[in-house]
Amino acid sequence: MDYEKIGLKVGLEIHQQLNTRRKLFCGCPTVLREKEDATLTFKRFLRVARSELGEVDEAALEEEKKQRTFIYKAYDSTCLVENDEEPPSELNEEALDIALEIALLLHMKPVEEVHTMRKIVIDGSNTSGFQRTALVATDGWIESEEGIVGIETLCLEEEAAQKIEEGEDAVVYSLDRLGIPLVEISTAPDIKTPKQARKIAEKIGMILRSTGKVKRGIGTIRQDLNISIKDGARVEIKGVQDLRLIEKIVENEVKRQLKLLEIRDELRRRGARVERRVLNLSEIFASTRSRVVKKQGKVFGACLRGFGGILGIEISPERRFGSELADHAKRFGVGLMHTDELPAYGISEREVERVKEAFNATEEDCVILIANASQERAEKAFSAVFARAEKALEGVPEETRRALPNGSTAYLRPLPGAARMYPETDVPPVEVSEERVKRIASSLPETIEQKEERFRKEYGLSGELAAKVARTYPEVFERLVNVCARKGWKVQPKLIATLLTDTLTELSREGFEIDAESFDFEGIFRLLSENAFGKEAIPEILKFLASHEGASVEDAVEALGLRVSLDEVERFIENVVRERGDFVRERGISAVGPLMGVVMKDLRGKVDGKVVSEMLRAKIEAFLRGSEGKK
Ligand SMILES: [Zn+2]
């Protein structure tokens, strides 16, 4: 795919929760709760708020049409601010400091004064009907191999309540997550390929983690994608949790938009039109054998002129054009069937014939059906489907979609308009002083990438090992390297890095959990440098310690029978050489190799291989000298 030719433009919006002690506008802790620990459950209905200009947000209006009840679960760790029964307190300064730190790492310019705004959100995820958001910095950049990408804005926002159940008439939300501070980082639409989109998302994620002040784990970071192509439209895709999906989603969205343009051209060629006429076809299905149509259930139909065969066209993985229309019917809780896919679902050929006759439909037309719904609901659903079908004649509709696990997307709601922001008068503005910015700028953290680079140069680690340790236990690694250097223990940084990454991963896979931050690695390295055992024994020692609480490294060495004196080892090697005297005389000093195998069979893990090899060489040399002397 020639992305330049089709004019692909991608922008990212990254939402990352901050690991502050308190929430953004109240003193509650930022902890998630077991949902059964809720101490209070209450209900709300939300209505659309008007903007200052009296405009109404389209996305908000659409949600209002659904007339759903919102049910909230509150906890002993949430307060009246989350319930929207008490005004918010001032903006959390700790969160603002972290936001500024991230902004500076992204080369952004902080604003002089932070103003909190209200952004209309009417899906119930905020008890107040809006989300508080504050612009903190603008105009930065980030670099990847594919070029520089602008960072337009960084906002400090309150996290929404967590949806825990959703039905047609009611949605249940949990208030523990509501109000956790998060940063929203928006890039310019400078990204030009799917791969670059993933790389930039990874890089921003790396910078966020470099602060050590963001929350980790599932759901703590989410990315939205804004995607458009030439002649297509801007489509916002929400809720991508897995970075590996980004490339696939961009590729699929490009294909979807191209397909929709092809469909538009074909529909125009055919002179297609949407006949906004709904017929009651229940009589045709009065004695149907289909189990999709309920007994005595009502069936309504409408005809899309010139749409024959179009609804069956695949436009993204496991999604046909018909699925796009069905998404709009689904908003009213009904399914959509169409003659492109019938006969099916037990609906007979004869019934399909009669449906088509009812509209005088030809091969070029498509009849769509909604079953088991009241006339009112069916008409509402058809009206939404008609609107979407009409947009197909124009091309790609601007809209918000949600990411599906297979890399496809489905319709979510219209794009939010500019009319949805207005000032939050309950929260005073916060000045961002020059001193404050200077203080934060002077203590910016080394990023994970910078650490990786330094570990490679300073400690001679391979690129792969440096990358692994910089992303897992960089502090533990450097502390141990320094301790070993200070005490004169001969332990290579490479060994320490491998231990903290590959070895711990391997042990964890086998079920042995070791807390790298608090584990007594120093004890191991001290005995290792005294040749109390060989480095090959370290995994066994770790396993022993992980499964024997309170045991020391000495206990492990003792219990595993690793301790041998070097005198014993020397005598043992001397014996091996003497017993194989003929072989040694025959091979001379090159007997070291084969005899290493023999010796290590007994000494592996007890003595370092290098020590053994040196000792063996010395003993063979002495033996050869001795036998020459005898000749
Ligand atoms: Zn609170």
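The values are calculated or read from the model by the stated rules, or taken from the named source; none is laboratory data. Just so we're clear, the structure is a prediction, and the values are computed from it rather than from any experiment. Cβ sites come from the backbone with ideal geometry, for glycine too, and all protein chains shown count toward neighbours.
Before moving on, here are some points about what is shown:
- Looking across the stretch 1-18, not a single residue is without any contact (Cβ under 8 Å) to a residue 24 or more places away in the chain and under 25 Å from the mean Cα position of the chain (by Cα).
- Qualifying residue in the stretch 344-361 (condition: closer than 18 Å to G309 by Cβ and within 42 Å of the chain's Cα centre (by Cα)): yes
- All conditions but one from (1) closer than 28 Å to Q67 by Cα; (2) surrounded by 19 or more Cβ atoms within 10 Å (Cβ to Cβ); (3) in contact with a Gly (Cβ under 6 Å, 6 or more places away or on another chain); (4) not charged (D, E, K, R) apply to N372; the one that does not is (2).
- Selection of the stretch 410-442 for residues being at pLDDT below 95 and of a type in the set (S, T, N, Q) yields only T425.
- G550 being exposed (fewer than 13 other Cβ atoms within 10 Å of the Cβ), small (G, A, S) and assigned by TED's automatic domain parsing to the domain that holds V481: yes
- Residues of the stretch 76-119 satisfying the condition of being crowded, with 21+ Cβ neighbours inside 10 Å and within 30 Å of V172 (Cβ to Cβ): T78, V81, E82, L91, N92, A95, T116, R118
- Single match in A389, A384 (criterion: in contact with a strand residue (DSSP E or B) (Cβ under 6 Å, 6 or more places away or on another chain) and within 30 Å of L225 (Cβ to Cβ)): A389
- Residues of the stretch 19-36 classified as more than 16 Å from the ligand (Cβ to nearest atom) and touching a residue at least 24 places away in the same chain (Cβ under 8 Å), total: 2
- Looking across the stretch 341-372, the residues that are of a type in the set (A, V, I, L, M) and within 22 Å of R320 (Cβ to Cβ) come down to L342, A344, I347, V352, V355, A361, V367, I368, L369, I370, A371.
- Evaluating A197 against the criteria (1) crowded, with 18+ Cβ neighbours inside 10 Å; (2) assigned to a loop (DSSP other than H, G, I, E, B) leaves one unmet condition, (2).
- The stretch 176-194, subset assigned to a strand (DSSP E or B) and either more than 16 Å from the ligand (Cβ to nearest atom) or aromatic (F, W, Y) (or both), residue surrounded by the most Cβ atoms within 10 Å (Cβ to Cβ): I191
- Pairs linking a residue in the stretch 125-148 that is modelled with pLDDT of 95 or more and in a strand (DSSP E or B) to a residue that is among the polar types (S, T, N, Q) and surrounded by 15 or more Cβ atoms within 10 Å (Cβ to Cβ), with Cβ atoms under 8 Å and 6 or more positions apart or on different chains, are R132/T116; T133/T116; A134/T116; L135/T153; A137/T153; T138/T153; I142/T187.
- Selection status of E399, of a type in the set (D, E) and within 30 Å of G271 (Cβ to Cβ): yes
- Here the condition is being more than 16 Å from the ligand (Cβ to nearest atom) and out of contact with any Asp or Glu (no Cβ under 8 Å at 6 or more places or on another chain); of E112, E93, E85, it holds for E93 alone.
- Filter result for G523 (at positive phi and either without any contact (Cβ under 8 Å) to a residue 12 or more places away in the chain or not polar (S, T, N, Q) (or both)): no
- When restricted to residues that are under 22 Å from the mean Cα position of the chain (by Cα) and not in a strand (DSSP E or B), the stretch 149-171 contains 3.
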